[in-house]
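Participant: Pasting in a structure now, in C-alpha cells, and then I'll have a few things to ask.
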Amino acid sequence: MDYSENFSADPVDIAPVLIVGAGPAGYTAAIYVARAGLQPVLFTGAQIGGQLTQTTEVENFPGFPDPILGGDLVERMRVQAEKLGTRLIFERILDIQNNPPSVQPQTKETPLTAPFLCLGEKTVCPARAVILATGAIAKGLNVPGEAEFHGYGVSSCATCDGFFYRNKTVAIVGGGNTAAIDALFLPHHARKVFFIHRCDSLRAEKTLQERLFKNEKIEFMWDSVVEEICGETNPRKVTHILLKNVKTEKKTTLSVDGLFVAIGHSPQTDFLKDKVERDKEGYIIRAPFSTKTSVPGIFAAGDVADPTYKQAITAASLGCMAALDAQHFLEESL
C-alpha cells in the first residue's frame with residue numbers, strides 16, 4: 001500500500017502521543033499529555049464527546065455542585081485540551097499499523113522514529129505512542145420511541161440517572177449481571193421497579209438473583225419484550241411501555257416513568273482487528289494496575305477497556321493513567 005496517497009493536504013508529522021477518541025478518557029489524556037509538553041494529536045472519531053453527549057444532566061461529576069448537561073461537560077474538556085496545545089483531527093481512525101521506516105518523516109524537531117502508523121479517513125499520522133479511548137456504545141432495543149425518549153425517560157445507566165426517579169416507577173430490561181446490579185440499585189430511589197426479561201430465568205449470578213427475589217420493590221415480568229416506548233412531547237417524558245409475552249403473544253401496557261436498558265455494551269474496537277489483545281466481548285485487556293495493552297507503546301483508557309464501571313469519572317481517571325503511562329514509555333525509549 002502506498003501510504004503517501006492517504007496524507008491530507010495538511011500532513012501530520014510524527015505525534016509523540018496520538019489519542020483516539022473524544023470522550024472523558026481521550027480529553028483527559030490529552031490534557032495531561034499536553035501539560036507534559038508533548039503536543040498530542042487527537043482523532044475525535046464519529047461520536048465526538050462519547051456517551052456523555054446523550055446524557056441530559058450530570059450530577060455526580062466532582063467539581064460541579066449544580067447539574068451540568070453532559071454535552072456541556074465534555075465541551076469544557078475539549079476547550080481545555082485545545083487550550084493546552086492538543087491538535088484535534090475530526091476523523092475516525094480506520095487502522096493502526098506498524099510504521100514502515102520508508103514512510104517515517106524525519107525532521108530536526110522529531111528525530112526519533114515512530115513505531116505506529118495511524119490511518120485516518122483522510123490523514124495518516126505516525127506516532128511514537130498511542131492511547132486508545134474509543135469508548136463503548138450501549139446496546140439498544142431498537143424499538144419505536146427509544147431514540148425519541150433517550151435522555152428523557154430512557155437510560156442505559158442506572159447509577160447515572162437513577163436519582164432522577166426518586167419515588168417513581170421504573171422498568172429495567174435485561175437478564176445478566178449488569179441488569180441485576182442496576183435493578184438492585186434502583187430501589188434506593190424508585191418506589192417500584194419492573195424487571196423485564198424475555199426468558200423465564202435470569203443469566204445473572206445466583207447470589208444476585210437471590211437478592212433480587214428478596215427485594216419487595218422489584219416485580220418480574222417474565223417471557224416479555226418491550227415493543228414500544230410511549231410518552232408525551234411537551235415536556236418530553238416517558239409515560240408507559242408496550243410489552244408482549246413471547247409465549248402467549250399477549251400484549252400489555254405498563255405505566256412507568258422511566259426505562260433502563262441493561263442488555264450490554266459494545267466496545268468500539270472493531271477497527272483494531274487483532275492489533276491488541278481483547279476479551280471475548282471485544283474490550284481491550286489492560287495489564288493489572290496499568291493502561292498498558294499487549295503491544296508496547298499502545299495504551300487503553302475509558303470504557304473501551306472497562307467492562308465494569310462505565311462512568312465518566314472512571315473514564316477520566318483512566319485517561320490520566322494512560323497519559324502518565326505513555327509519558328513514562330517515551331522517557332524509557334530515549
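The values are calculated or read from the model by the stated rules, or taken from the named source; none is laboratory data. Treat the numbers as computed from the prediction; the structure is a model and nothing was measured. Note that each Cβ is placed from the backbone with ideal geometry, even for glycine, and that neighbours are counted across all protein chains shown.
Participant: Of the residues Lys139, Lys168, only one is within 27 Å of Gly26 (Cβ to Cβ) and among the basic types (Lys, Arg); which?
Facilitator: Just one listed residue meets the conditions, Lys139.
Participant: Shifting gears a bit: Tally the residues that are surrounded by 13 or more Cβ atoms within 10 Å (Cβ to Cβ) and in contact with a Leu (Cβ under 7 Å, 6 or more places away or on another chain), restricting the search to the range 231-251.
Facilitator: 4
Participant: Still on this structure: So if I check each of Ala204, Ala190, Ala179, which one is assigned to a loop (DSSP other than H, G, I, E, B), buried (at least 16 other Cβ atoms within 10 Å of the Cβ) and touching a strand residue (DSSP E or B) at 6+ places or on another chain (Cβ under 7 Å)?
Facilitator: Of Ala204, Ala190, Ala179, the one residue that is assigned to a loop (DSSP other than H, G, I, E, B), buried (at least 16 other Cβ atoms within 10 Å of the Cβ) and touching a strand residue (DSSP E or B) at 6+ places or on another chain (Cβ under 7 Å) is Ala190.
Participant: Now for a separate question. Taking the range 253-292 only, how many residues are free of Cβ contacts under 8 Å to residues at least 12 places away in the same chain and buried (at least 23 other Cβ atoms within 10 Å of the Cβ)?
Facilitator: Matching residues across the range 253-292 total 0.
Participant: Residues that are at pLDDT below 95: which strands (runs of 3 or more DSSP E) entirely in the range 231-292 hold 2 or more of them?
Facilitator: It comes to 265-267.
Participant: Restricted to the range 293-304, and to residues that are surrounded by 21 or more Cβ atoms within 10 Å (Cβ to Cβ) and not in a strand (DSSP E or B), which residue is nearest to the chain's Cα centre (by Cα)?
Facilitator: Per the stated criteria, the residue is Asp303.
Participant: Of all the residues that make up the range 162-175, how many are buried (at least 21 other Cβ atoms within 10 Å of the Cβ), assigned to a helix (DSSP H, G or I) and out of contact with any Gly (no Cβ under 8 Å at 6 or more places or on another chain)?
Facilitator: 1
Participant: Just to be sure, is Ala133 at pLDDT 95 or above and within 21 Å of Gly50 (Cα to Cα)?
Facilitator: yes
Participant: Those residues that are out of contact with any Leu (no Cβ under 9 Å at 6 or more places or on another chain) and free of Cβ contacts under 8 Å to residues at least 60 places away in the same chain, I need them from the range 169-189; list them, please.
Facilitator: Phe185, Pro187, His188, His189, listed by residue number.
Participant: Given the conditions (1) closer than 19 Å to Pro307 by Cα; (2) crowded, with 17+ Cβ neighbours inside 10 Å; (3) at pLDDT below 95, which single one is not true for Thr159?
Facilitator: Of everything listed in (1) closer than 19 Å to Pro307 by Cα; (2) crowded, with 17+ Cβ neighbours inside 10 Å; (3) at pLDDT below 95, Thr159 misses just condition (2).
Participant: I would also like to ask the following. If you scan the range 272-316, which residues turn out to be closer than 18 Å to Gly49 by Cβ and among the small types (Gly, Ala, Ser)?
Facilitator: Ala301, Gly302, Ala312, Ala315, Ala316 - these are the residues of the range 272-316 that are closer than 18 Å to Gly49 by Cβ and among the small types (Gly, Ala, Ser).
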